Amino acid sequence: MTTTLITNVHMIDPQASAVEHGSILMQDGKIAAHGAEIAIPEGARVIDGRGKYLAPGIVDIGVKVCEPGERHKESFKSAGQAAAAGGVTTIVTRPDTLPAIDSPETLEFVTRRAQEAAPVNVVPMAALTKGREGREMTELGFLLDAGAVAFSDGDHVVTNTKVLSRALTYAKSLNALVIAHPQEPILSKGAAVTSGKFASLRGLPAVTPMAERMGLDRDIALLEMTGAKYHADQITTARALPALERAKRNGLDITAGTSIHHLTLNELDVADYRTFFKVKPPLRSEDDRLAVVEAVRHGLIDTISSMHTPQDEESKRLPFEEAAAGAVGLETFLPAALRLYHAGDLTLPQLFRAMSLNPADRLGLPGGRLTTGAPADLVLFDAEAPFVMDRSKLLSKSKNTPFDGARMQGKVLATFVSGTQVFGEL
């Protein structure tokens, strides 16, 4: 382990809600010290941060890595490289692979592959039900012992409430976190966009925002019954926010996230049937987007994620209704989030609380903070650097980004994982 001192940086501390100029010392893979003045240890590597920003590395909940089953879309190697380039130091992988990660053997396989190939931390979720089919819960205890940090069926909503209530009860006994996709599955089946005038003009099948509210209401009722730990993966509509606020006020163990695409894009971006903008749930109205940004600002929504979902060209180059949903987001996560900072919607500490600190806390991980003794998982970035996004230059195997050709601000200069530089040329 090398000793590295990064000087002359503006350190973003999401715990203290502060940005302070100074230096940070990394030793033996951990943060050894930080402050205005730090003596240079003998033999230490010294990096001049040139007055740029240094923050805890992003902890991204809900990344799809397509191993096993669809390695042509994304592998642990390509996802890890993309994450490092985007300042993401920990990726929390979804279990929606082929086959699903629903057994200790499959979980051990992906854990081993990740350790071999990815330059960043990889922590896996496991499926809540076998095959993500919603009929029989998985062996939660064995999967927890094998390293699962949470349980989720991804965007497959468990429709059988008896199965879900049993799974939540068992998860409660294990103190395990369940991550769910709040959506009423019958209303939302086959939908490509959010209902409204725009959807009608485009002639596309749509889903009402109430489907999200109805799905969340059901899950909250089951939480009241079971007392389990629960995280809603994506809250994207204003209609769902009052229910979330009441559940938190009533003392339920509930947190919620949203995706960077729903914070920075809206339904009009679909424009002339641009399938790179087809995500799940679909992009919402501008009023919904602003309401969700406000919820992040006030801490009602706890986390922001990329919801990185690689799709190959054959899956996207189809009529909008038939095209696969999802967008890659590991490399565009930070510059997209900085749109909210440049617009004055969120401060940098607020952003990194939702992208780093809160996800780490919810999953019981030690990262996401700048405290002494925490893992030296850090990102150094220039918040002002302008560039035009070129999807052909993305390190992900799949290139399905909605930001292709967009003017963006904010470039990652270096990424450190356990004190080792995994991206950048400093």
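The figures follow:
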read-out: Residue match in region 349-366 (condition: in a helix (DSSP H, G or I), hydroxyl-bearing (S, T, Y), closer than 25 Å to D48 by Cβ and in contact with a Lys or Arg (Cβ under 8 Å, 6 or more places away or on another chain)); value: yes
read-out: All positions within region 240-260 that are touching a residue at least 40 places away in the same chain (Cβ under 8 Å), out of contact with any Phe, Trp or Tyr (no Cβ under 8 Å at 6 or more places or on another chain) and in a helix (DSSP H, G or I); value: A240, L241, L244, E245, K248
read-out: Residue satisfying condition, being touching a Gly at 6+ places or on another chain (Cβ under 8 Å) and open to solvent by 60 Å² or more (accessible area, probe 1.4 Å), within set D253, D287, D272; value: D253
read-out: So L174, is it touching a strand residue (DSSP E or B) at 6+ places or on another chain (Cβ under 7 Å), surrounded by fewer than 22 Cβ atoms within 10 Å (Cβ to Cβ) and free of Cβ contacts under 8 Å to residues at least 60 places away in the same chain; value: no
read-out: All positions within region 212-234 that are hydrophobic (A, V, I, L, M, F, W, C) and in contact (Cβ under 8 Å) with a residue 40 or more places away in the chain; value: L222, L223, M225, A228, A232
read-out: Subset of region 2-13 (residues that are crowded, with 21+ Cβ neighbours inside 10 Å and in contact with a Gly (Cβ under 7 Å, 6 or more places away or on another chain)); value: T4, I6, V9, M11
read-out: Matching residues in region 167-190 - criterion: being closer than 22 Å to P359 by Cα and part of a loop (DSSP other than H, G, I, E, B); value: N175, A176, H181, P182, Q183
read-out: Search result, residues across region 36-66 that are open to solvent by 10 Å² or more (accessible area, probe 1.4 Å), touching a residue at least 40 places away in the same chain (Cβ under 8 Å) and in a loop (DSSP other than H, G, I, E, B); value: G43, A44, R50, G51, K52, K64
read-out: Among the candidates A100, A33, A84, residue that is within 20 Å of the chain's Cα centre (by Cα) and outside any loop (DSSP other than H, G, I, E, B); value: A84
read-out: Residues being touching a helix residue (DSSP H, G or I) at 6+ places or on another chain (Cβ under 9 Å), touching a residue at least 24 places away in the same chain (Cβ under 8 Å) and buried (at least 18 other Cβ atoms within 10 Å of the Cβ) - total across region 387-423; value: 19
read-out: Residue list for region 191-212, filter: in a helix (DSSP H, G or I) and either surrounded by fewer than 22 Cβ atoms within 10 Å (Cβ to Cβ) or more than 24 Å from the chain's Cα centre (by Cα) (or both); value: K197, F198, A199, S200, L201, R202, M210
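Rundown of residues vs (1) closer than 20 Å to S398 by Cβ; (2) at pLDDT 95 or above; (3) of a type in the set (D, E, K, R), yes/no style:
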| residue | (1), (2), (3) |
| --- | --- |
| F76 | yes, yes, no |
| T89 | no, yes, no |
| D96 | yes, yes, yes |
| R113 | yes, yes, yes |
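The values are calculated or read from the model by the stated rules, or taken from the named source; none is laboratory data. What you see is a predicted model; the values in this text were computed from it and never measured. Heads up, the Cβs are rebuilt from the backbone with ideal geometry, glycines too, and the neighbour counts pull from every protein chain shown. Surface areas here come from the heavy atoms of the whole protein model, side chains and all, with no ligands, DNA or RNA. Shrake-Rupley method; radii C 1.70, N 1.55, O 1.52, S 1.80 Å.
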